[in-house]
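Enquirer: Next up is a structure, given as structure tokens.
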Amino acid sequence: MIILAASAIALLIAGGRLAQIGDADGDAGAVGSSATRAVRAALCAFAILVVVAATLGAGGRLDAGHALVVSILVALAVVTWERRRRPSGRAAAAARIAGAAWSVADVALATALAAALAGRLWAGLHPGVALYDTLSYHLHAPATWMHDRRLEIVPAVFGDPAPAYAPGNLELWFWFLMAPLRSDALAGLGQLPFAALAVLAVAATVREAGGARSAALAAGLAFLLVPEIWRQAPTAMTDLGMTALLLSSLPFAVRLSRSVATGDLLTCAAALGLALGTKTVAIVLVLPFALLAMLAASRGSRRAAAAGGRARRAGAIAAVASVLFLTGGFWYARNAWLTGNPIYPISTLGLPGLYGRAAMRGWDYHLPVAELGALAAMLTAAGAGFTLTAALGFLRARPPLELAIAALGVALFWFAVPYQESRFLFATFGLGAVALGRAAARPPAWLGWGALALAIGGELVEFPTPDRLALIPAAVLGAGLAAGSRRLAPELRRGAAATGAFVLVAVAGAVIAFGVARARAEAPHYALGEEIDQAWAWFGAQIHDARVAYTGSNLAFPLAGRRLSNRVAYVNVAGAPRDLLHDFARRPSPAGGGAATPEPAPYREGADFDTWLRNLRADGSQVLFVAAMYPIVQRNVTADDQGFPIERAWADAHPRLFSLRYGSPAARIYAVAPP
């Protein structure tokens, strides 16, 4: 815990100092907010983490100790650089933006937001049914990196093989939360800070566009209360993280439209680059935000040129390209280097791959574009109140930037993205929230504020849960305290606010420490509500400090065990021990030349017991976990009459090498005899 806290403090210091440099280089004369500065600091800190962890991982030094040392060195370097670049007293005073005093409404909304995030924190520390993608890859990959101390491609088997080659910025964040604690207690709710960042980004955009603080806070709360966003906030998924980074580009795009400043340009590029590094689908979803940034920069450049301050475009383009590469583009460069295709295994533009758009559009997860009813259901999933008022906000905002970006984003989502998952629309809801906040600044005032109230009230009434309804008394309490504090002297008022903030941070820290301590002490328990839950429970209680080979399922993380002590890996039944998907696809094979399914399994072709046993020995496997395959997986992988892969028959046929320790219709667990 100490290592994690020290690393986080170092990153925050470095991010904060870089943010100060960005503020000094930014649009100092424009209306700004503390939210904008907080967004800039968070982006800088996360960018430093990604670069540090990726560099350590490439060199085989990816561990908590090295990360702490490098983070401290980076923080020291940034602090030294910032002090040398510190502007003069007059310039610094101009760069500081004096915010108006907080009103009762401001405090009420901020209290509701704090209560919402606290409730999501509590929910994340007490998880219920696990999310499939979390267990299949988002936590399994960083756990593997933690054991191997190396950033490597972790095979994704018995299902969609693409996650193995997907960018992993969020997985690096989960590793950062996981490695010092040897626990997923914090990594399991790793998106919660990004939920807070998304709220800040919405609020900052509204403020940069001239909106009031209350409107900005209300817009952020309306976004957080969207049901699917609310549910995903305290998880280890990556969709909300990608959304937060996309939305974080907006306040700096607004600033760029006024004047192109280096700090704003590079911060906007960092937000987009970090978003590109979260999911492959971000390549499509980032386009509207990148287009907005380019149009804003073009407009700001024309204004600067009119004032005689034209910047060197070549240098700016080179700087932006460098930031995009360092913050996310390097994942695609790695794929291109290894496979010849930056988005492998998806074949495109004649580049090597296993399947193309036709196969993806013929799979179970694709929705025919003619099914507009399904699209409408996704777009209105936030509820009638938010949907109607967001539509009104889109129409009232001037210029209608949010409407244009949202329309382009929805079109790309529906026509260009093969798998139209509703979670890919989170950024659209964020744009709707921004439009709501901006529209509140336009007359008549009652219409804008009424729309915000209807959006938030509708979300609470349509989707009532105890933790959501608790925001109402929290807001009333905040308003009461704010009204009461007005009777205090200014010095006492500031002291009371500082004390309250300290108490909130202390309570949150105590809750987190308690949750982590409990998670480390108890045997891990993961549940999908299926029969395999019992096998995972037995495994978690019985297997520790072992090298585990798994097969039949792509849900590998539940086998990591207490304190993540088990190193879990898929062991090849064909080829060399460390052969990956692209190695198998290069061999002459019926499935290697363009599969008709987006879940091909060339790594299973030519399965041979002797090869498998040799690979088990090379991996040092001590335990074998064989799961029955889902019916959708059995379309592409040969299974016996009970749904098990061939490893089950091999293990049962060699009892001297594989002794059965647990058996059920869902899974079989064997002890592997040493060589």
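Enquirer: Please indicate, with yes or no, whether at least one residue in region 609-617 is under 32 Å from the mean Cα position of the chain (by Cα) and surrounded by 22 or more Cβ atoms within 10 Å (Cβ to Cβ).
Expert: Checked region 609-617: no residue is under 32 Å from the mean Cα position of the chain (by Cα) and surrounded by 22 or more Cβ atoms within 10 Å (Cβ to Cβ).
Enquirer: On the basis of being without any contact (Cβ under 8 Å) to a residue 40 or more places away in the chain, in the same structural domain as ALA359 (by TED's automatic domain parsing) and under 29 Å from PRO418 (Cα atoms), does PRO163 make the cut?
Expert: Yes.
Enquirer: With the requirement that a residue be surrounded by 24 or more Cβ atoms within 10 Å (Cβ to Cβ) and of a type in the set (Val, Ile, Thr), what does region 256-294 give you?
Expert: If the condition is that a residue be surrounded by 24 or more Cβ atoms within 10 Å (Cβ to Cβ) and of a type in the set (Val, Ile, Thr), then VAL260, THR267, THR278, VAL286 are the ones that fit.
Enquirer: Here is a list of conditions, (1) within 25 Å of ARG207 (Cα to Cα); (2) in contact with a helix residue (DSSP H, G or I) (Cβ under 8 Å, 6 or more places away or on another chain); (3) part of a helix (DSSP H, G or I), and TRP446 meets all of them except one; can you say which number that is?
Expert: Of the numbered conditions (1) within 25 Å of ARG207 (Cα to Cα); (2) in contact with a helix residue (DSSP H, G or I) (Cβ under 8 Å, 6 or more places away or on another chain); (3) part of a helix (DSSP H, G or I), the odd one out for TRP446 is (2).
Enquirer: Okay, next question. Given the structure, is GLU421 at pLDDT below 95, in the same structural domain as ALA216 (by TED's automatic domain parsing) and surrounded by fewer than 20 Cβ atoms within 10 Å (Cβ to Cβ)? Steps first, please.
Expert: Numbers: at pLDDT below 95: yes; in the same structural domain as ALA216 (by TED's automatic domain parsing): yes; surrounded by fewer than 20 Cβ atoms within 10 Å (Cβ to Cβ): yes.
Against the criterion (at pLDDT below 95, in the same structural domain as ALA216 (by TED's automatic domain parsing) and surrounded by fewer than 20 Cβ atoms within 10 Å (Cβ to Cβ)), GLU421 qualifies.
Enquirer: Only one of VAL633, VAL568, VAL573 is touching a residue at least 12 places away in the same chain (Cβ under 8 Å), touching a strand residue (DSSP E or B) at 6+ places or on another chain (Cβ under 7 Å) and of a type in the set (A, V, I, L, M); which?
Expert: Matching residue, one of VAL633, VAL568, VAL573: VAL568.
Enquirer: Which residue out of ALA195, ALA116, ALA141, ALA203 is without any contact (Cβ under 8 Å) to a residue 40 or more places away in the chain, surrounded by 22 or more Cβ atoms within 10 Å (Cβ to Cβ) and in a helix (DSSP H, G or I)? Before you say what the answer is, go through the steps one by one.
Expert: Numbers: ALA195 fails: without any contact (Cβ under 8 Å) to a residue 40 or more places away in the chain; ALA116 fails: without any contact (Cβ under 8 Å) to a residue 40 or more places away in the chain; ALA203 fails: without any contact (Cβ under 8 Å) to a residue 40 or more places away in the chain.
Criteria check complete, one pass: ALA141.
Enquirer: Of all helices (runs of 4 or more DSSP H) completely enclosed by region 1-108, which ones contain at least 1 residues that are at pLDDT 80 or above and assigned by TED's automatic domain parsing to the domain that holds LEU326?
Expert: The helices (runs of 4 or more DSSP H) meeting that bar are 2-24, 34-58, 64-85.
Enquirer: Which residue out of ARG398, ARG334, ARG361 is within 30 Å of ILE456 (Cα to Cα) and without any contact (Cβ under 8 Å) to a residue 60 or more places away in the chain?
Expert: None of the others qualify; the one that does is ARG398.
Residue-wise test of (1) within 28 Å of ASP533 (Cα to Cα); (2) basic (Lys, Arg); (3) in the same structural domain as GLY59 (by TED's automatic domain parsing).
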position: PRO127; (1), (2), (3): yes, no, yes
position: LEU131; (1), (2), (3): yes, no, yes
position: THR144; (1), (2), (3): yes, no, yes
position: ARG149; (1), (2), (3): no, yes, yes
position: VAL157; (1), (2), (3): yes, no, yes
position: LEU192; (1), (2), (3): yes, no, yes
position: ALA198; (1), (2), (3): no, no, yes
position: ALA203; (1), (2), (3): no, no, yes
position: ALA212; (1), (2), (3): no, no, yes
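Enquirer: Looking at region 162-192 only, could you name the residues that are among the polar types (S, T, N, Q) and either surrounded by fewer than 24 Cβ atoms within 10 Å (Cβ to Cβ) or not in a helix (DSSP H, G or I) (or both)? Let's see the steps before the verdict.
Expert: Just the residues of region 162-192 that are among the polar types (S, T, N, Q), to begin with: 169, 183, 191.
Within region 162-192, SER183, GLN191 qualify.
Enquirer: Looking for something buried (at least 24 other Cβ atoms within 10 Å of the Cβ), over 20 Å from the mean Cα position of the chain (by Cα) and not in a helix (DSSP H, G or I) - is there at least one such residue anywhere in region 210-221?
Expert: Yes.
Enquirer: Another question, then. Being out of contact with any Asp or Glu (no Cβ under 7 Å at 6 or more places or on another chain) and at pLDDT 85 or above narrows it down to one of LEU492, LEU454, so name that one.
Expert: Only one candidate passes the filter, namely LEU454.
Enquirer: Next up: Against the condition closer than 23 Å to LEU245 by Cβ and touching a residue at least 12 places away in the same chain (Cβ under 8 Å), how does ARG150 come out, does it pass?
Expert: No.
Enquirer: Looking at (1) within 22 Å of the chain's Cα centre (by Cα); (2) at pLDDT below 95, which is the only condition ALA391 fails?
Expert: (1)
Enquirer: Filtering region 394-418 down to residues that are part of a loop (DSSP other than H, G, I, E, B) and within 21 Å of the chain's Cα centre (by Cα), which residue is surrounded by the most Cβ atoms within 10 Å (Cβ to Cβ)?
Expert: PRO418
Enquirer: Continuing with this model, one more query. Do you know which residues across region 426-457 are under 27 Å from the mean Cα position of the chain (by Cα), of a type in the set (Gly, Ala, Ser) and under 14 Å from LEU392 (Cβ atoms)?
Expert: Matches in region 426-457: GLY432, ALA433, ALA435, GLY437, ALA455.
Residue by residue, here is whether (1) out of contact with any helix residue (DSSP H, G or I) (no Cβ under 7 Å at 6 or more places or on another chain); (2) more than 23 Å from HIS126 (Cα to Cα); (3) part of a loop (DSSP other than H, G, I, E, B) holds:
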site: GLY515; (1), (2), (3): no, no, no
site: TYR526; (1), (2), (3): no, no, yes
site: GLY529; (1), (2), (3): yes, no, yes
site: GLN534; (1), (2), (3): yes, no, no
site: ALA549; (1), (2), (3): no, yes, no
site: SER553; (1), (2), (3): yes, yes, yes
site: PRO558; (1), (2), (3): no, no, no
site: ALA576; (1), (2), (3): yes, yes, yes
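Enquirer: Suppose the filter is outside any loop (DSSP other than H, G, I, E, B) and more than 30 Å from LEU285 (Cβ to Cβ); does ILE472 pass it?
Expert: In short, yes.
Enquirer: Within the bounds of region 256-271, is there any residue that is in contact (Cβ under 8 Å) with a residue 12 or more places away in the chain and within 24 Å of PHE415 (Cβ to Cβ)? Steps first, please.
Expert: Taking region 256-271 as the starting set, the residues that turn out to be in contact (Cβ under 8 Å) with a residue 12 or more places away in the chain are 256-271.
If we keep only those that are within 24 Å of PHE415 (Cβ to Cβ) as well, we get none.
Checking region 256-271: not a single residue is in contact (Cβ under 8 Å) with a residue 12 or more places away in the chain and within 24 Å of PHE415 (Cβ to Cβ).
Enquirer: Give the residues of region 145-161 that are assigned to a helix (DSSP H, G or I) and surrounded by fewer than 23 Cβ atoms within 10 Å (Cβ to Cβ), sorted by residue number.
Expert: Matches in region 145-161: MET146, HIS147, ASP148.
The values are calculated or read from the model by the stated rules, or taken from the named source; none is laboratory data. Everything quoted here is computed from the prediction, not taken from an experiment. Quick reminder, even Gly has a Cβ in these numbers, built from the backbone with ideal geometry, and neighbours come from all protein chains shown.
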